Amino acid sequence: MNIIISNSSKEPIYEQIKKQIKQSIYRGELQEGDSLPSIRQLAKNLQISVITTKRAYEDLEREGYITSVVGKGSFIAGQNMELIREKRIQLIEERLTEIVDECKELDVSLDQLKEIIELLYKEEN
Amino acid sequence: MYSLVMKDFRLLKKTLLFVVIYTVAMTIMQPLPPAATASIVGWLLILNANHFDEKNRSDMFLNSLPVSRKQIVSAKYASFFAFGLLSVGASAIVSWAMLWFVAPDDFQVVQWQDFVIVISSVMLAGAVFYPLYYKFGGQYVRIAMLGLLFLGMISANIIQWLVTQRFAGTIGGVLQLLQSTSLPVMMLYLAAFTCIVTLLSWKLSTVIYQKKDF
Amino acid sequence: MEHAIQMQHVSKRYSGFALQDISLSVKKGFITGFIGPNGSGKSTTIRCIMNLVRKDAGSVHIFGRDIARHEREIKQRIGFVYDENYFYEDLTVAEMKKLIAPFYERWDDGQFRTYLEQFEVPERKKIKELSKGMKMKFSLAVALSHHADLIIMDEPTSGLDPVFRREILNILRDFLQDEEKTVFFSTHITTDLEQIADYIAFIYKGRMVFQTDKESLAESYGLIKGPKELLDGDTKKYFVGLRVTDNGFEGLTGDLATASRLFGGEALVEKATLEDIMYYTARGNDRV
């Protein structure tokens, strides 16, 4: 599991960690039962404070994404598939917003965009 | 505690060679009776160890180790005894060795009373020096030592003056007393005196050292 | 035992300087950074903790015990690294180790060798021949080689280049993988602590200014930069310290939430570094 944090971003580091772990869950990279590094190990790898990783894990646990077992570590919790699906669709919407904005900038019309999308759907991977 | 005394010895490894050569030379050539030269060596060892502690400001380091202040002071006093013993012991070995070789007629071999004399003088020197050192620090004490040395040099004159004055009678009496006391008894008195002074000094040093800030 | 070190109402007076009513708690399992400008009392505080100076008032408990009464047992478990090198300069590294090792019941020679190799400290060299960085690494090797539970460091990285400093920080991180270990680290080089510290204690002119974890610090303190017209009698009170010029103002606020709401629209709100916090707290006390 890769977690890349930015020191210069305005977003607090614990938020960045949370976001990236959540995204890994949505994308299916992390499955139920997968173990996460200990808060100390993660702090060491990312070269940040244990307080920060602890905060991230505690929030994630509160929000239901992970569970922690004393003495054993932290694991990905069983996820509500509906919820995940919803979240992933939300992410798609966000990305589409970016695309639509850019199309508007370049004067690409809605019809042109629809054409492109249809072609993509027809493509067999 | 043992480690603390050993520390002084480890530091002195550097000067040990000098000590050995000096002892051998002095014992063989005997410009002074062996008890005197051995005492001098003992004092020098004390000052040398002190110099290392001073130079490195080792108090802060030593007191951060798992030792008590009392132990540090006790080890110091133990080292006076050790240095005295080392010094007179080395002298003794050399002088006994000399007996097997060509020894001039007036060669003074180290005898048991020299052990008492040297160890006592070294311990007394330490007992006088250290409370002052702990209280006033290296600078002041060195100046005081120089002063004492100077006094020592003119002491012959002082004693002479004393003898020719009112104290002539008392001094004569004391000398008489000394001559009539047997050697073992005199040594006993010396040893007892040394013990008492050393004990008092040790107690004083401990009190001073406990209160210090590093 | 939650706190490795607990200082309560410690005072120490010197001529010209005093530690006043210092209460400090260092949590077990974390790195607590101790910051303050030079002369604010960091070294004196550490000396009080190590019982190197006699305090005028207050108590110091380490591992739950009073250091005045259990000094030797406690110091068995403390590894110390000081700024000035107080080792015997004329001895070699190996000789110095032979001198120190017998004092510690849990001395681990294998571990010491490993660290010396890792740090590339030559065993046969005299201590006075070592560079400052090497001396410090030697110090650290000793501190880490007797299974200490607490490492106390007084300005260990001043005078070291950034490469060394990072190495030291990595070593400390490794040390702390064990949650029973604690590090207490005083410095005026705040950038080192930005990276590694979990908790920060700030001392200024002999008094504790604050003690808190990094996250809370980031949430309460911030830098506000804006046009000087925004400042008036009311708004000034949100600032710990201010710097006003013809081109605008920059100030440190201790109440980031309120200040961002107040100024947010018309001024820039930025993260405050530890250095900013130190600078403005010192400055604020002298002016504003």
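The values are calculated or read from the model by the stated rules, or taken from the named source; none is laboratory data. What you are looking at is a predicted structure, and each value in this text was computed from that prediction instead of being measured. We place every Cβ from the backbone using ideal geometry, glycine too, and count neighbours over all the protein chains shown.
Below are the figures for this structure:
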{"item": "Where C:LEU242 falls short, out of the listed (1) within 17 Å of C:LYS271 (Cα to Cα); (2) of a type in the set (A, V, I, L, M); (3) not assigned by TED's automatic domain parsing to the domain that holds C:LEU262", "result": "(3)"}
{"item": "In region B:200-214, the residues that are within 14 Å of chain C (Cβ to nearest Cβ) and of a type in the set (Lys, Arg)", "result": "B:LYS211, B:LYS212"}
{"item": "Tabulated pairs, region A:42-62, first facing another protein chain (nearest Cβ under 10 Å) and at negative phi, second small (Gly, Ala, Ser) and assigned to a loop (DSSP other than H, G, I, E, B), C-beta under 6 angstrom, 6+ apart or interchain", "result": "none"}
{"item": "Residues (hydrophobic (A, V, I, L, M, F, W, C) and within 14 Å of another protein chain (Cβ to nearest Cβ)) located in region B:19-49", "result": "B:ALA49"}
{"item": "Of residues in region C:88-118 being under 17 Å from C:ILE151 (Cβ atoms) and crowded, with 16+ Cβ neighbours inside 10 Å, the one farthest from the other protein chains (Cβ to nearest Cβ)", "result": "C:TYR115"}
{"item": "A:ILE17 being without any contact (Cβ under 8 Å) to a residue 60 or more places away in the chain, within 14 Å of chain C (Cβ to nearest Cβ) and not small (Gly, Ala, Ser)", "result": "yes"}
{"item": "Single residue of region C:160-191 satisfying the filter (over 29 Å from A:GLY71 (Cβ atoms) and in contact (Cβ under 8 Å) with a residue 60 or more places away in the chain) that is nearest to the other protein chains (Cβ to nearest Cβ)", "result": "C:THR191"}
{"item": "Candidate set from region B:50-64 (those that are without any contact (Cβ under 8 Å) to a residue 60 or more places away in the chain and either surrounded by fewer than 16 Cβ atoms within 10 Å (Cβ to Cβ) or over 13 Å from B:LYS76 (Cβ atoms) (or both)); member that is farthest from the other protein chains (Cβ to nearest Cβ)", "result": "B:HIS51"}
{"item": "Matching entry among B:VAL185, B:VAL109 (being assigned to a loop (DSSP other than H, G, I, E, B) and at pLDDT below 85)", "result": "B:VAL109"}
{"item": "Which numbered condition C:MET208 fails, given (1) over 20 Å from C:ASP83 (Cβ atoms); (2) within 13 Å of another protein chain (Cβ to nearest Cβ); (3) at pLDDT 90 or above", "result": "(2)"}
{"item": "Members of region C:76-95 found to be in contact (Cβ under 8 Å) with a residue 24 or more places away in the chain and touching a Lys or Arg at 6+ places or on another chain (Cβ under 9 Å), listed by number", "result": "C:GLN76, C:ARG77, C:ASN85, C:PHE87, C:TYR88, C:GLU89, C:ASP90, C:LEU91, C:THR92, C:VAL93, C:ALA94"}
